[in-house]
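The values are calculated or read from the model by the stated rules, or taken from the named source; none is laboratory data. What you see is a predicted model, and the numbers here were worked out from it, not measured in a lab. Backbone-built Cβ (ideal geometry, glycine too); neighbour counts: all protein chains shown.
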Amino acid sequence: MELIKEFINHKAFVDDKKMKEYTGYLFRFNNGYGVSVINNHSTNGARGLELTILKNDSRRNITNITDEFIPNLNINQVLVILDKIEKLEKENVE
């Protein structure tokens, strides 16, 4: 499966990891937040992209944007969430 060009071209993109079952994308922002996005390739019925918000490489719940984990997203939905996270103030990061 090809890498998602909208992700690897994003200014916060850090790394990708291709595995048999999924491709993972890692994003880091200057405000201290990060995002992990997984594109699940498995045949177990999982569909779409899965997004997890990170702070210090740990899962983080940001109630005004999202739960800590969101399944079944498309590329545009992920990009909207990335933009929202990038705009968060640094002092809001605990």
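Residues in the range 1-19 that are at pLDDT below 90, touching a strand residue (DSSP E or B) at 6+ places or on another chain (Cβ under 9 Å) and of a type outside the set (D, E): M1, L3, K17, K18. Look through the range 51-60, keep the residues that are farther than 17 Å from V80 by Cβ and among the polar types (S, T, N, Q), and return whichever of them is modelled with the highest pLDDT. Only one residue fits best here, namely N56. Restricting the first member to the range 22-50 and to residues that are more than 15 Å from L82 (Cβ to Cβ) and outside any strand (DSSP E or B), and the second to residues that are modelled with pLDDT of 85 or more and hydrophobic (A, V, I, L, M, F, W, C), the beta-carbon pairs closer than 7 Å and six or more apart or on different chains are G48/L73. Among the residues of the range 20-35, those that are touching a Ser or Thr at 6+ places or on another chain (Cβ under 8 Å) and either surrounded by fewer than 19 Cβ atoms within 10 Å (Cβ to Cβ) or at pLDDT below 90 (or both) comprise E21, Y22, G24, L26. Of everything in the range 67-78 that is closer than 21 Å to K11 by Cα and surrounded by 14 or more Cβ atoms within 10 Å (Cβ to Cβ), the residue that is modelled with the lowest pLDDT is L73.
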